[in-house]
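Contents: one structure, followed by commentary.
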């Protein structure tokens with residue numbers, strides 16, 4: 001998706017009581033999304049609820065492997081106790 005769509009979606013999600021909001025994209029795309037969210041008045045505290053980039057670090061980028069890495073990260077967050 002494009003950055004504008006991501007920002008609009010995140011503006012609608014950022015204040016929901018969700019345990020996990022992941023953002024997919026390159027470092028450059030994520031930096032632009034975060035910059036735009038800040039310009040919309042989103043605080044650092046609100047931004048801290050985002051996981052970006054989403055997924056566990058890996059060198060391969062096939063759709064299947066990305067899906068598995070995102071699922072693994074969600075599972076990891078679910079089973080780890082919150083501090």
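The values are calculated or read from the model by the stated rules, or taken from the named source; none is laboratory data. All of these numbers come straight from a predicted model, not from anything done at the bench. Virtual Cβ from ideal backbone geometry, glycine too; neighbours counted across all protein chains shown.
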Only residues that are under 26 Å from residue 58 (Cβ atoms), touching a residue at least 24 places away in the same chain (Cβ under 8 Å) and in contact with a strand residue (DSSP E or B) (Cβ under 9 Å, 6 or more places away or on another chain): list them for the range 9-32, please. 10, 20, 21, 22, 23
Counted residues in the range 51-66 being modelled with pLDDT of 90 or more and surrounded by 10 or more Cβ atoms within 10 Å (Cβ to Cβ) come to 7
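Quick check, is residue 69 more than 24 Å from residue 4 (Cβ to Cβ), crowded, with 16+ Cβ neighbours inside 10 Å and at pLDDT below 95?
yes
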Any idea how many residues of the range 19-50 are surrounded by 10 or more Cβ atoms within 10 Å (Cβ to Cβ) and under 19 Å from residue 73 (Cα atoms)? 10
